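The values are calculated or read from the model by the stated rules, or taken from the named source; none is laboratory data. As the structure is a prediction and not an experimental result, all values here were calculated from the model. Cβ coordinates were reconstructed from backbone atoms using ideal geometry, including for glycine residues, and neighbour counts include every protein chain displayed. For the accessible areas, the whole protein counts, side chains as well, though only heavy atoms, and no ligand, DNA or RNA atoms are used. Shrake-Rupley method; radii C 1.70, N 1.55, O 1.52, S 1.80 Å.
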Amino acid sequence: MTHQEISHYRLASQKLYKTTQCLPQEIVQHLGAMQAQDYAMAKWAIGSRCDSSEKEIEEAINSAKIIRTHILRPTWHFVAADDIYWMLDLSAPQVKRFTTSAAKKYGYDAKKLNEASAQIEKLLSGNNHLTREEIMQELNIKKSSNDDFLSAAIMMNAELDGLVCNGKMKGKQITYALLEERVSKPKSKLTKEEGLAKLALRYFESHGPATLLDFSWWSGFPPTTCKLAINAIELQLNSVEIENQKYWFGNDISTDYNFRESVHFLPAFDEILISYKTREASILLEHQSKAFTNNGIFKPIILENGKVIGTWKKTIKKDHAKIETQFFHETESHKKEILFEGIKAFENYLETKIVIE
């Protein structure tokens, strides 16, 4: 394996080649956790890896087969229902440091956060699904710029405690519901060491080839902790050393993998870029500022054979979706036609006509 080939292997491990039929929740479970703060784009991150429509993915989320909550790092993620409890047990303590610190700035210590959680539990009990604004009205927290940060910290704290998660969509509004009313608690728990080993194996099998620092970035755990996790599972992984850097990947990806020509229109914050500490395998350094900012805002990207060659954006119209593209280099007209074949998957996903401009 060469450094240039890493991006191809990642397409395979992240199921972007679609070699097998998968349900939306199976895609999420395979990847472990998928960053999901941009809800519309996060659904397409799932859709780009299976043949499900947006409506089918929405149904999997509404029926709690897929859970959207804060986990791993202090941001939204999609997690499979089967993984939510052990992953929360593992990562919530580290993420809660951010939420408790944020809440303190607005006069909320641990006691006040617990009191707010107790009120939220009463409000949502009995499969009552409410928006954040509706919950804050009941807590008598007014809607203002400062209070918006406070309400986010209160709800994130409740998520990390395993009290709440996403509820069913209310039109286009996101709601909260009690986690235990959506997903039954397992009878047994993993130890921290077991949880870390499970998380590491899941990451390298679904994101490999990747480095220790990649796993540390994605999981939110320090490199020393991640090294112990890798040591525990290294017999279950393959590895290759490239330029004095060790890359780990799953046993099911053969090093004689047959590469294929491919074009992918991927969403903002897609795992193909965001789940790695460094991204040179998929995008040249000179182009990185065109695809994502220093403060972590990622644009939708166009991949050709595993390499980012441009960005795109969509506008939903009444009877079609408009796609605008911006390539890093001038692309010949005949090549554009081949590239635009890659948007057909998005057309099937949206179940509407797409017009490219």
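Using the Karplus curve 6.51 cos²θ - 1.76 cosθ + 1.60 with θ = phi - 60°, what ³J(HN,Hα) values do you get for each residue of region 27-35, in whole Hz, with x for Gly and Pro?
After applying 6.51 cos²θ - 1.76 cosθ + 1.60, I find 4, 4, 5, 4, 7, x, 8, 10, 4 Hz.
For the chain, take the convex hull of the Cα atoms, compute a quarter of its surface area, and give me that in nm², please.
On the way: hull surface 76.0 nm².
It is 19.0 nm².
Length gain on complete extension for the stretch residue 316 to residue 40, per 0.36 nm per residue less the alpha carbon to alpha carbon distance? Show your work: numbers first, answer last.
Values: separation 276, 0.36 × 276 = 99.36 nm, distance 1.16 nm.
This chain segment gains 98.2 nm when fully extended.
Cα-Cα over 22 Å: which of 314/344; 318/353; 307/344; 65/187; 55/142; 227/277? Before the final figure, lay out each step's value.
On the way: 314/344 14 Å; 318/353 10 Å; 307/344 19 Å; 65/187 19 Å; 55/142 34 Å; 227/277 15 Å.
In this structure, 55/142 exceed 22 Å between Cα atoms.
From the P(r) of region 258-357, could you give the percentage of C-alpha pairs in the tail past 16 Å?
When all Cα pairs of region 258-357 are counted, 57 percent exceed 16 Å.
Could you check the simple spin-label distance between residue 105 and residue 20, using points 7 Å along Cα→Cβ, in nm with one decimal?
4.4 nm
Give me the distance in nm between label points sitting 7 Å out from Cα along the Cα-to-Cβ direction at residue 4 and residue 290, one decimal.
2.0 nm
Roughly speaking, what is the centre-to-centre gap between region 173-219 and region 266-286 when only Cα atoms are used, to the nearest Å?
Between the Cα centre of region 173-219 and that of region 266-286, the gap is 21 Å.
What order, most packed first, do the peptides 291-297, 171-177, 206-212 have when packing is the mean number of other Cβ atoms within 10 Å of each residue?
Working: 291-297: 12.3, 171-177: 14.9, 206-212: 23.9.
Ranked by mean Cβ neighbours within 10 Å, highest first: 206-212, 171-177, 291-297.
To the nearest µm²/s, what D does Stokes-Einstein give for region 190-324 at 20 °C and 1.002 mPa s, using the Kirkwood radius over alpha carbon pairs as Rh?
In µm²/s, the coefficient is 129.
Just to confirm, what accessible area per residue do you get for region 192-250 at 1.4 Å probe, in whole Å²? Walk me through the numbers on the way to the answer.
Values: 2690 Å² over 59 residues.
Value for region 192-250: 46 Å² per residue.
What do you get for Rg/Rh over region 192-250 if you use C-alpha atoms and the Kirkwood form of Rh? It would help to have the intermediate numbers written out before the result.
Working: Rg = 10.2 Å, Rh = 11.0 Å.
Rg/Rh for region 192-250 comes to 0.92.
Once the Cα gyration tensor of region 62-159 is diagonalised, what are the square roots of 5 times its eigenvalues, in whole Å and ordered largest first, as equivalent ellipsoid semi-axes?
On the way: eigenvalues 95, 61, 28 Å².
For region 62-159, the semi-axes come out at 22, 17, 12 Å.
Rounded if a/c is under 1.5, else prolate if a/b beats b/c, else oblate: with a ≥ b ≥ c from the C-alpha gyration tensor eigenvalues square-rooted, which is region 90-218? All intermediate terms of the calculation are to be shown ahead of the outcome.
Values: a/c = 1.97, a/b = 1.60, b/c = 1.23.
Judged from the Cα gyration tensor, region 90-218 comes out prolate (a/c at least 1.5, a/b above b/c).
Regarding region 1-140, what is the average projected area of its C-alpha convex hull, in nm²?
Working: hull surface 44.0 nm².
Computing the convex hull of the Cα atoms and averaging its projections yields 11.0 nm².
What figure in square angstrom, to the nearest 10, would you give for the accessible area of residue 264 with a 1.4 Å probe?
20 Å²
Between residue 192 and residue 334, 0.36 nm times their residue separation minus their Cα-Cα distance comes to what? Each step should come with its number before you reach the end.
Numbers: separation 142, 0.36 × 142 = 51.12 nm, distance 5.39 nm.
Contour length minus Cα-Cα distance gives 45.7 nm.
Let me make sure I get this right: for region 294-353, a, b and c are the square roots of the gyration tensor eigenvalues over alpha carbons, sorted descending. Under 1.5 in a/c it's rounded, otherwise prolate if a/b > b/c, else oblate. Which is it?
Numbers: a/c = 1.88, a/b = 1.19, b/c = 1.58.
Cα axes put region 294-353 in the oblate bin.
Pop out the carbon and sulfur fraction of the accessible area of the chain as a percent, whole number, probe 1.4 Å. Walk me through the numbers before you get to the answer.
Details: 8410 of 17460 Å².
Carbon and sulfur together cover 48 percent of it.
Output ³J(HN,Hα) for region 109-125: one whole-Hz value per residue in order, computed from phi by the Karplus curve 6.51 cos²θ - 1.76 cosθ + 1.60 with θ = phi - 60°, and x for Gly and Pro.
So the J values, rounded to whole Hz, are 8, 4, 5, 5, 5, 5, 5, 5, 4, 5, 5, 4, 4, 5, 5, 8, 4.
Helix 223-233 against the longest principal axis of the chain: what's the angle in degrees, Cα atoms only, rounded to the nearest 10?
The angle comes out at about 70 degrees.
Taking the Cα centre of the chain as origin, work out the dipole magnitude from +1 charges on Lys and Arg Cβ and -1 charges on Asp and Glu Cβ, in debye rounded to 20.
Working: 46 positive and 47 negative charges, 193 e Å.
Charge dipole of the chain: 920 debye, to the nearest 20.
Please compare each pair in 172/192; 15/198; 43/290; 172/313 to a cut-off of 28 Å on the Cα-Cα distance and tell me which ones are over it.
In this structure, 172/192 exceed 28 Å between Cα atoms.
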